[in-house]
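*Asks:* I have a structure here, written as structure tokens, and I will follow up with some questions on it.
The values are calculated or read from the model by the stated rules, or taken from the named source; none is laboratory data. All values derive from a computational prediction rather than experimental measurement. All Cβ positions, glycine included, derive from the backbone under ideal geometry; neighbour counts span all protein chains shown.
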Amino acid sequence: MSAPTLMRTPRAAGTGTRTARSRMRLGSLRSAALGLLTWVVVLLFFFPVLWMALTGFKQESDAATTPPHFIFRPTLTQYSSALSKAGPFLTHSVIITLVATLVVLALALPAAYALSVAPVRKWRDVLFFFISTKMLPVAGAIIPIYVIARELHLLDTLIVLIILYASLNLPIAVWMLRSFLLEVPMGILEAARVDGASFLRQLRSVIMPLITPGMAATALICFIFAWNEFFLAVNLTTSNAATVPVYLVSFQTGEGQFWAHLCAGATLACLPVLIAGWLAQDQLVRGLTMGAVK
Amino acid sequence: MAVLANRRGDTAAEWARARDRRRNRRRRIPLLPALLFTIVVTQIPFVLTIWYSLQSYNLYHPLTRHFAGLHNYTLLFTDAIFRTALVNTVILTLVPVLLSLLLGLGIALLLDRKVFGRGVLRTLIISPFLVMPAAAALVWKFTLLDTEFGMLNYVLSLFGVHHTDWINNYSKGTIITVLTWQWTPFMVLILLAGLQSQPADVLEAARVDGAGGWQIFRRMTLPHLRQYMELGIVLGAIYLVQAFDAIFMITSGGPGQQTTNAPYYLYEVAFRSFDIGRASAMGVVVVVITIVVATFALRTISGLFSDEGMEGRL
């Protein structure tokens, strides 16, 4: 009687560990499968971006084919010709986005200060006024803007887009900078104020060094939105101040057949923001949610 | 004595009030430039939009400009295209927002696990959102969805599916797909931040107590994510309601008016027909609708921005 029991006990123990082990193996199998799924899904989402950049390296004869050419002899022809064609547009975009972003920071930092560090009495109302302007559709303002710009001979000038992009990004910047300012320990600011530092001095020598990363992140977010803006650019500029998105309009129909050139142009148009976004990755959520999510 | 003391109390209170007023005035100075700038650039044009909407005013015939009362509004409400545009706006906002929220939730959950190359994955997944919308529109229109040479039809042909003219036969679906593709990364970012802000020890405790994965997700993760989802929906809707780039580049509002949303119709009336009066009336209606939605949106957001960090600063 005892022998079978003895025989059975180790076997029972054996099956026990075996199920535990197989459960573990199942777990790691599941984990591997989910990891694979993650990669597949993410690559699927990334594919259009990759395909755009790749097609830019093709000869036109490799670009619109059936089946699509995955292997081809790469060339820089399309990129260099797109770069020379997009040249003026890129220049306009760079000037407009840079100046607009500087204007935004110059206006938003003091405002954010007056809404956080030394708040005015109705800071909450002001804060929501700013955000409510962000919710107003451009449709509600574009027509007078167009008519006024036309009267003042400002259509197709850099200055119009600079002003408008600054106003577009100002609420975001105010909210975002405020969220950074609130993280500065109050003691530091208090000390500076007790020392009798003037507002500008406080700003320059205490606050700005402390929130440099926050200002950089804010600037990048403003840059991203201004660089990609389409509606105002298309309606208010034609050539003298036309930005990169307006350059892409030329591909909408006529040049549509030249896919390699189109893709090279599109990639060039996207590259600055892609790089900025990748660099600002950790601050991106915060910028997109105006400081609500960190 | 009593009178004196009282008077002294009064003056002290008055002094304090005066000091408060002075302090508030001083504190207002840094705010003024930004505030004035915003009012001038965003509020004045809107007031002018209302003014224009009451006029019969075409840029091509400036001499016939005259006050027209509510005529533009009566025109608008009998305009079948405008009604279609409003319905399309709702569809082309809600569907992409909800689809990208669902996809974003799925991807955020996948990325919230220990997975090989997470940093790379995150960099890759945010890219569609960073791509210039006008460029994205071109890439989809030609290289992906083209009837003859597009990647989609090529892949489908491997499974024996015949060539389809996606953009013309499924124009709304095309626009929705492109918008969803661009906005999913946005939702991923917000929801991933939400997932990662979940206290790990609480989840661990639940697991020790024998709660299953699904139970934890439904009872703990989802309620925790709720405010992040609301924020994603509100912000996504604010931007998508104004969708213009993809429609302009891919379908030009067509075929017919199938993908004409309010911003695109306004563009046509204002910049193709130069009918300033009618376009302005349209702008006013769009703003009024937005205000209704935004009131709800602001309430949602204000819950998120509590007075955290403001203690002792007033």
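*Asks:* Could you list, in sequence order, all residues of the stretch A:147-167 that are touching a residue at least 24 places away in the same chain (Cβ under 8 Å), of a type outside the set (A, V, I, L, M) and more than 7 Å from chain B (Cβ to nearest Cβ)?
*Replies:* A:Asp156, A:Thr157, A:Tyr165, listed by residue number.
*Asks:* Same structure again: Yes or no: the stretch A:190-205 includes at least one residue that is within 12 Å of another protein chain (Cβ to nearest Cβ), touching a residue at least 24 places away in the same chain (Cβ under 8 Å) and crowded, with 21+ Cβ neighbours inside 10 Å.
*Replies:* So far as the stretch A:190-205 goes, no, none of its residues is within 12 Å of another protein chain (Cβ to nearest Cβ), touching a residue at least 24 places away in the same chain (Cβ under 8 Å) and crowded, with 21+ Cβ neighbours inside 10 Å.
*Asks:* So, in the stretch B:244-260, how many residues would count as being facing chain A (nearest Cβ under 10 Å) and either in a helix (DSSP H, G or I) or within 18 Å of the chain's Cα centre (by Cα) (or both)? Talk me through it step by step, then tell me what you get.
*Replies:* Just the residues of the stretch B:244-260 that are facing chain A (nearest Cβ under 10 Å), to begin with: B:244-246, B:248-250, B:252.
Filter once more, keeping what is either in a helix (DSSP H, G or I) or within 18 Å of the chain's Cα centre (by Cα) (or both): B:244-246, B:248-250.
The number of residues fulfilling the criteria is 6.
Residue by residue, here is whether (1) touching a Cys at 6+ places or on another chain (Cβ under 9 Å); (2) among the small types (Gly, Ala, Ser); (3) at pLDDT below 90; (4) outside any helix (DSSP H, G or I) holds:
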site	(1), (2), (3), (4)
B:Pro185	no, no, no, no
B:Val188	no, no, no, no
B:Leu191	no, no, no, no
B:Gly194	no, yes, no, no
B:Leu203	no, no, yes, no
B:Trp214	no, no, yes, no
B:Phe217	no, no, yes, no
B:Leu225	no, no, no, no
B:Glu230	no, no, yes, no
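*Asks:* Being within 12 Å of chain B (Cβ to nearest Cβ) and under 24 Å from B:Met132 (Cβ atoms) is the filter here, so list the residues in the stretch A:63-77 that pass it.
*Replies:* Taking the stretch A:63-77 and keeping what is within 12 Å of chain B (Cβ to nearest Cβ), we get A:63-70.
Matches in the stretch A:63-77: A:Ala63, A:Ala64, A:Pro68.
*Asks:* Moving on to the next point. Out of everything in the stretch A:277-294 that is more than 8 Å from chain B (Cβ to nearest Cβ) and part of a helix (DSSP H, G or I), what residue ends up being surrounded by the fewest Cβ atoms within 10 Å (Cβ to Cβ)?
*Replies:* A:Asp282
*Asks:* Which of the residues belonging to the stretch A:220-257 are touching a residue at least 24 places away in the same chain (Cβ under 8 Å) and surrounded by fewer than 17 Cβ atoms within 10 Å (Cβ to Cβ)?
*Replies:* If we filter the stretch A:220-257 for residues that are touching a residue at least 24 places away in the same chain (Cβ under 8 Å), which is where we start, we get A:220-229, A:231-233, A:235-247, A:257.
Answer for the stretch A:220-257, where residues must be touching a residue at least 24 places away in the same chain (Cβ under 8 Å) and surrounded by fewer than 17 Cβ atoms within 10 Å (Cβ to Cβ): A:Thr238, A:Ser239, A:Asn240, A:Gln257.
*Asks:* Here's another thing I want to ask about it. Taking helices (runs of 4 or more DSSP H) that fall entirely within the stretch B:120-181, which contain at least 1 residues that are modelled with pLDDT under 95 and exposed (fewer than 15 other Cβ atoms within 10 Å of the Cβ)?
*Replies:* Working: elements: B:133-139, B:151-158, B:166-169.
Hits in the stretch B:120-181: B:151-158, B:166-169.
*Asks:* Is there a residue being of a type in the set (Lys, Arg), more than 24 Å from A:Ala53 (Cβ to Cβ) and more than 8 Å from chain A (Cβ to nearest Cβ) anywhere in the stretch B:117-136? So that I can check it myself, show each step before the final result.
*Replies:* To start, the set of residues in the stretch B:117-136 that are of a type in the set (Lys, Arg) comprises B:118, B:122.
Now restrict to residues that are more than 24 Å from A:Ala53 (Cβ to Cβ): none.
No, every residue in the stretch B:117-136 fails to be of a type in the set (Lys, Arg), more than 24 Å from A:Ala53 (Cβ to Cβ) and more than 8 Å from chain A (Cβ to nearest Cβ).
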